[in-house]
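These notes concern the structure reproduced below.
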Amino acid sequence: MAELLQFVITGITVGMVYALIALGFVLVWKSSGVANLALGQMVLLSSWFTYGMLVQAGLPLWLGFVLVLIFALALGWVVERFVLRPLIAQPILSLITVTLGLAYFIQGLVVFIWPWSVDALPRLFPTEPVHVGPAVVPQQYLWAAGISLALFALLSLFFRYHKMGIAMRATADDQMAVQASGIPVTRIFSRSWMFAAVLAAIGGVLMSSIGGITFGLVDTGLKAFSVVILGGLDSFLGAIIAGPIIGLAENLGGGYLTPLTWPGVREVIPFIIIIIVMFIRPYGLFGEERIERI
Amino acid sequence: MDLPAGTRNYSYAQDMAIFRTKTHWALFIGLMVLLFTAPLYWSNYWLGVANLIGITIIAATGLNILTGYCGQLSIGHAGFIAVGAYASAALTGRLGLPFPLGLVSAGLVAGLVGMVFGIPSLRVKGFYLAISTIAAQFIIIWVINHWTSVTGGFVGLSVPYASIGGLTFDTEGKQFYLIMGITALTIYFAKNLARTRVGRAFVAIRDNDLAAEVMGINLFRYKLIAFFIGCFLAGIAGSLLAHWMWFLSAEFFSLAESILYVGMIIIGGIGTTLGPIFGAVFIRLLDQVLTQWVTPFLEGTFTMLPAGFATGITPMVFGLVIILFLILEPRGLAHRWQLFKAAYRLWPFSY
């Protein structure tokens, strides 16, 4: 029982971080129709940058985080301006492949600057485990979940009331109409990439404060894909709900299926979920099914 | 089809010919002679590179049929190659089947696995399909790593030499003939497939699948055929790879390798027969240059930097090359080659 509760709590909390990273994906997809397959690498790069600021440069926490945020904004801007902007209105195949090229490049860059490939961030959160009923949960998980929840709340307020947020939603809805009413669509694209990069950076810091900085962070990006597939590519709500589901499935499956199948089943559960969703409900739980006309 | 000045087609046979003029034939025969005498004067190292390029061309041609002609983006190609490699290794090594049978069954097994993961393509496309092929990649590699009784798991699996009849392909030179022979057959097959009913159906599906369906093309059938052919060739390439390396480990078939295959057909020129050849040669040679010369040079020159930093150069350059090609020359090297040929034929009167 304690075991079950523990799996459930860690699953849901980690799932929230997945959902946070997935939100960045949904944002870019909705506003510009680009599938960002370099998400995992952006998470990885931001985590290493945090390491560089906090450990290598020895900056205080607050300054380090401000710099990480600035870095993430710059990363998003650069990626949109120099990689995606020249490819506006190209076929989807090019748009997907270019992010793959980007993923390759960023991964190389990370190896280039931090070749030792495994390290740990300094302690960000208190580490004493918390007792929830019979279960013992490491405190970082709860912090990560709390921060993710706070960010969800902030983001939904932003999209509801802020002018930029409303413009972003409008772009997602109808690009032509937005352009006609004088909103610079390219700036919206740029902003959505910057947002996505910031979300990836925060997700990366949260994940690496739990599990250290490894290439496993790239897999976190891949898990975010299974979140968006399950939730529906164009649904914020879907991402927020599907995140904890993926986290739960991963932890419960890893906990209870490993004795029945082969070890490491935890790592492929998100991918098996992707395949199942593809067969049963390809547009996800909350995704909008597009009807095409010729 | 642009022809040299003064050459006209007067029959369908002439119009369909791959080698139209005597010069074409002379160049082709010259190339073949050059290629098939290569083991006599190339060093073992370069023969090895050539063998790897040949295998890569076969796999990239498969991906080009699937992605370039039929428009179904697959980012799990290395996974399907792995299926073929392990199928062939297990059949010949553990069951003792002859190599030709192992080769063909490797293709069939990979093709069938590809068809299973291609089933979602009926309902989804674009990004959804890309993600499901990534999922296929990870599931396949996971199965390979843990199905120890067949694949050897993390330890790896040693593979016997390929042999046909009494002939054993145990040197780079002998393997060169085997691999280049199959590569030539593959290219010939791909060239002809593109102009049959099936190939034209693929192109119609790529350009607009709804319109293709309205025209009476059975989408489900042709998409599955595309997945089967693409993954069949991946399986053949995998089998050759297994018997060429004599050792298999799942590390050879990573997601990065899959991405590289997509990069190859983009760089070479998507939806052309020449594309995969150019792309495979370009990427594999670039890889050789970067890992054999540039990386050791940088490691030796900048010793004050942390050890191993230069291993990041190769992926950085690959990523950059893919991005730059997509932005600056989305039609790839094959298109550049066409331009060159046109300019060469008209030179010096280019009007």
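Quick look at the values:
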| quantity | calculated |
| --- | --- |
| Yes/no for A:S94 being assigned to a helix (DSSP H, G or I), more than 19 Å from the chain's Cα centre (by Cα), under 25 Å from B:S132 (Cα atoms) and polar (S, T, N, Q) | yes |
| Lone unmet requirement of (1) farther than 30 Å from B:Q292 by Cα; (2) exposed (fewer than 13 other Cβ atoms within 10 Å of the Cβ) for B:R20 | (2) |
| Of all residues in segment A:262-274 being of a type outside the set (D, E, K, R) and over 23 Å from B:P120 (Cβ atoms), the one that is nearest to the other protein chains (Cβ to nearest Cβ) | A:W262 |
| Subset of segment A:103-131 that is within 14 Å of chain B (Cβ to nearest Cβ), assigned to a loop (DSSP other than H, G, I, E, B) and under 30 Å from A:Q6 (Cβ atoms) - its residue that is modelled with the lowest pLDDT | A:S117 |
| Enumeration of residues in segment B:1-23 that are in a helix (DSSP H, G or I) and over 20 Å from B:R195 (Cα atoms) | B:K22, B:T23 |
| Meets criteria (among the basic types (K, R), more than 14 Å from chain B (Cβ to nearest Cβ) and under 30 Å from B:P306 (Cβ atoms)) for A:R187 | no |
| Which numbered condition B:I57 misses (of (1) modelled with pLDDT of 95 or more; (2) surrounded by fewer than 24 Cβ atoms within 10 Å (Cβ to Cβ)) | (2) |
| Some residue of segment A:209-222 being modelled with pLDDT under 90 and in contact with a Lys or Arg (Cβ under 7 Å, 6 or more places away or on another chain) | no |
| Residue match in segment B:296-308 (condition: facing another protein chain (nearest Cβ under 10 Å), under 29 Å from A:L93 (Cβ atoms) and small (G, A, S)) | no |
| Considering residues of segment B:318-328 that are within 20 Å of the chain's Cα centre (by Cα) and more than 7 Å from chain A (Cβ to nearest Cβ) only, the residue surrounded by the most Cβ atoms within 10 Å (Cβ to Cβ) | B:F325 |
| Flag if B:W142 is within 14 Å of another protein chain (Cβ to nearest Cβ), over 30 Å from A:W29 (Cα atoms) and surrounded by fewer than 23 Cβ atoms within 10 Å (Cβ to Cβ) | no |
| All positions within segment B:74-98 that are surrounded by fewer than 24 Cβ atoms within 10 Å (Cβ to Cβ) and either within 12 Å of chain A (Cβ to nearest Cβ) or assigned to a helix (DSSP H, G or I) (or both) | B:L91, B:G93, B:R94 |
| The listed residue being buried (at least 24 other Cβ atoms within 10 Å of the Cβ), under 18 Å from B:G111 (Cα atoms) and aromatic (F, W, Y), out of B:F220, B:F189, B:F227 | B:F227 |
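The values are calculated or read from the model by the stated rules, or taken from the named source; none is laboratory data. Small disclaimer: the values here were computed from a predicted structure and weren't measured. Don't worry about glycine lacking a Cβ; one is built from the backbone with ideal geometry, like all the others, and counts go over all protein chains shown.
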